[in-house]
């Protein structure tokens, strides 16, 4: 029995197992991580979290992406509280809905309109549905290994999924224009959409940014076919560029899906689109019991405004680069080979020759013992709340943890 799991956490897991299938689900299930990770947390503030026993961590997971300004950000929570005191889930939306849509359209260059929901899966699915409604076609192109949500048409699991759920999906290799061309030809005039991630961020693998050649080819092939180009910005939205992640390669989509960081932890997702797909967006049926709730919309307005006002992306890039440079220098000093990749504000840290993740797991478990929460295989997240002092404290813990890896 791993002594790093506290009695409080262990008792909560046992209680959960009796009333929740598997005790937990999805990527937040600590059972999927090396034994020793906490499952339950008691509070969070800034860039720090505390587990159910009260142990404090500098957090580089950020709630798996939603926290971008800092847990419990005062400006965001003030806006949310003010709206909560007026009303949240009412018979219809508040004016926050219109204000937020106006702000998103003002912020995102490709957007002529916006729609809102609650989860990233809601947004990606709506994008596909709108693309099919707008083109009258069925085929959707996806990159092999890409993750676009937890629903039968795209979930990584095959349990409960039928062949019919995915009958109209065609796959290509990310960043490979020739592979994309082949997939377009396979669609045989029935192409509704090409969907791409902000960058290639497959679990446990090197993260790869899109090349301009690939992005431009995707835009061109969608245009030639009269199909929609969809960017899934659920994971990366507002961390790489306020206008959308593919602004960095000079390509704008027809439709984009957003969630995670849009409201700094409050449940919200969005679809943005251009005028070509405006009418199609009015024809589809998509709704949810809490999709017009106003508190998360007020939080999103405060979040987007503060991200712009404080140059939060610049802060995240600077702190991410400080972390990356520090880890590289430490690894070299300890005779270890790291493979750090992805945008510096959304890093993944892997070890060379570590197919079984023994090195990565050892590194991360040692970090946990020293009060730093990282992940051995998943995309991590910097926030605007991470300071130089936080990065330097994490690097001190990393130096000691890399020394433990070097002793293996």
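The values are calculated or read from the model by the stated rules, or taken from the named source; none is laboratory data. Quick caveat: nothing in here was measured; it's all calculated off a predicted structure. Glycine also receives a Cβ, built like all others from the backbone with ideal geometry; neighbour counts cover every protein chain displayed.
Structure notes:
- Subset tally (residues that are outside any helix (DSSP H, G or I), more than 25 Å from residue 385 (Cβ to Cβ) and free of Cβ contacts under 8 Å to residues at least 24 places away in the same chain) for the stretch 1-55: 9
- For residue 220, the conditions (1) touching a strand residue (DSSP E or B) at 6+ places or on another chain (Cβ under 6 Å); (2) part of a helix (DSSP H, G or I); (3) over 19 Å from residue 347 (Cα atoms) all hold with the exception of (1).
- Of the criteria (1) surrounded by fewer than 19 Cβ atoms within 10 Å (Cβ to Cβ); (2) within 27 Å of residue 264 (Cβ to Cβ); (3) touching a strand residue (DSSP E or B) at 6+ places or on another chain (Cβ under 7 Å); (4) outside the structural domain of residue 40 (by TED's automatic domain parsing), which one residue 61 fails: (4)
- Scanning the stretch 180-195 for residues that are surrounded by fewer than 18 Cβ atoms within 10 Å (Cβ to Cβ) and part of a helix (DSSP H, G or I) yields 181, 182, 185, 186.
- Here the condition is being assigned by TED's automatic domain parsing to the domain that holds residue 62, touching a strand residue (DSSP E or B) at 6+ places or on another chain (Cβ under 6 Å) and within 28 Å of residue 261 (Cβ to Cβ); of 331, 389, 377, 385, it holds for 385 alone.
- Checking residue 198 against (1) surrounded by fewer than 19 Cβ atoms within 10 Å (Cβ to Cβ); (2) under 19 Å from the mean Cα position of the chain (by Cα), the condition it does not meet: (1)
Here's the yes/no breakdown for (1) surrounded by fewer than 21 Cβ atoms within 10 Å (Cβ to Cβ); (2) part of a helix (DSSP H, G or I); (3) under 25 Å from the mean Cα position of the chain (by Cα):
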{"position": "313", "(1), (2), (3)": "yes, yes, yes"}
{"position": "327", "(1), (2), (3)": "no, yes, yes"}
{"position": "330", "(1), (2), (3)": "yes, yes, no"}
{"position": "335", "(1), (2), (3)": "yes, no, no"}
{"position": "345", "(1), (2), (3)": "no, no, yes"}
{"position": "381", "(1), (2), (3)": "no, no, yes"}
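- The residues of the stretch 130-148 that are under 21 Å from the mean Cα position of the chain (by Cα) and more than 20 Å from residue 182 (Cβ to Cβ), listed by number, are 147, 148.
- The lone exception for residue 5 - which of (1) more than 26 Å from the chain's Cα centre (by Cα); (2) surrounded by 15 or more Cβ atoms within 10 Å (Cβ to Cβ); (3) within 25 Å of residue 293 (Cβ to Cβ) it fails: (3)
- Filter pass, residue 318 being more than 23 Å from residue 260 (Cα to Cα), part of a helix (DSSP H, G or I) and free of Cβ contacts under 8 Å to residues at least 40 places away in the same chain: no
- Residue among 251, 234, 271 that is in a strand (DSSP E or B) and either buried (at least 24 other Cβ atoms within 10 Å of the Cβ) or not assigned by TED's automatic domain parsing to the domain that holds residue 382 (or both): 271
- So residue 367, is it free of Cβ contacts under 8 Å to residues at least 24 places away in the same chain and either in contact with a strand residue (DSSP E or B) (Cβ under 8 Å, 6 or more places away or on another chain) or crowded, with 19+ Cβ neighbours inside 10 Å (or both): no
- Listed conditions (1) over 22 Å from the mean Cα position of the chain (by Cα); (2) at pLDDT 95 or above; (3) surrounded by fewer than 17 Cβ atoms within 10 Å (Cβ to Cβ) are all met by residue 97, apart from (3).
- Strands (runs of 3 or more DSSP E) (entirely within the stretch 56-162) containing at least 1 residues that are within 23 Å of residue 257 (Cβ to Cβ): 113-117, 139-143
- Filtering the stretch 282-297 to residues that are more than 12 Å from residue 116 (Cβ to Cβ) and either touching a helix residue (DSSP H, G or I) at 6+ places or on another chain (Cβ under 8 Å) or in a helix (DSSP H, G or I) (or both) leaves 282, 283, 284, 295.
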